[in-house]
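See below for the structure under consideration.
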Amino acid sequence: MIAQELADKISTLALEKKGHQIAILNVTGLSSVTDYFVIISVDSDVQLKAIADHIERKLKKDDQVHLYHKEGTHSPNWILLDYIDVVVHIFRKETREHYGLERLWADAEMKLVLEEEEV
């Protein structure tokens with residue numbers, strides 16, 4: 001799975017658990033660390049952990065994509081999932097605003113992932 005497909009899949013998995021304000025930043029050529037950031041906002045620490053676990057479990061089971069590194073498992077505000085080519089930041093709203101990754105990477109091409117409207 002190429003990095004862009006992985007970033008899109010992660011955003012879909014986050015939506016399944018009601019993640020919101022999802023942004024995919026293409027930092028290819030801007031960062032030596034990764035090609036994409038996926039930034040997700042959540043409303044509670046329970047949702048934070050649920051989304052992180054869901055992404056990790058589904059990618060491993062369905063796509064045989066294994067997590068390289070995970071940070072913040074004991075944090076109520078931010079979890080980072082590192083898939084090498086894609087780094088996922090799952091934030092509580094106020095923590096996301098504080099760190100402002102979208103501002104730090106303002107030169108990156110950004111795609112906003114909108115929640116699907118319920119029928």
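FYI, it's all coordinate maths here, none of it is from the lab. These numbers were taken from a predicted model, which means no experiment stands behind them. Methodologically, a virtual Cβ is constructed for each residue, glycine included, from the backbone with ideal geometry; neighbour enumeration extends over all protein chains shown.
Observations
- Relative contact order for the chain: 31 percent, from Cα pairs under 8 Å spaced at least 6 residues apart, divided by residue count.
- Projecting the Cα positions of L15, A3, I39 onto the charge dipole of segment 1-93 (unit charges on Cβ atoms of Lys, Arg, Asp and Glu, taken about the Cα centre) puts L15 furthest along the positive direction.
- Charged neighbours of L13, selected by a Cβ distance under 12 Å, balance to +1 (K, R count +1; D, E count -1).
- DSSP beta bridges fully contained in the chain are about 70 percent antiparallel.
- Packing, as the average of other Cβ atoms within 10 Å across residues, places the peptides 19-29, 71-81 in the order 19-29, 71-81, highest first.
- Dipole moment magnitude, nearest 20 debye, segment 34-119 about Cα centre, only Lys, Arg, Asp, Glu C-beta charged: 360
- Derived scalar couplings between HN and Hα for segment 86-93 equal 9, 10, 9, 10, 10, 10, 5, 3 Hz in order, rounded to whole Hz, by the Karplus curve 6.51 cos²θ - 1.76 cosθ + 1.60 (θ = phi - 60°), x for Gly and Pro.
- Cross-link partners of K9 among aspartates and glutamates (Cα-Cα below 17 Å; sequence separation of 8 or more within a chain): D35, D53, E56, D62, D63, D82, D85, E115, E116
- Phi angles of segment 59-71 translate, via the Karplus equation with coefficients 6.51, -1.76, 1.60 and θ = phi - 60°, into HN-Hα couplings of 5, 5, 6, 7, 10, 6, 9, 9, 5, 7, 7, 9, 10 Hz per residue; Gly and Pro are given as x.
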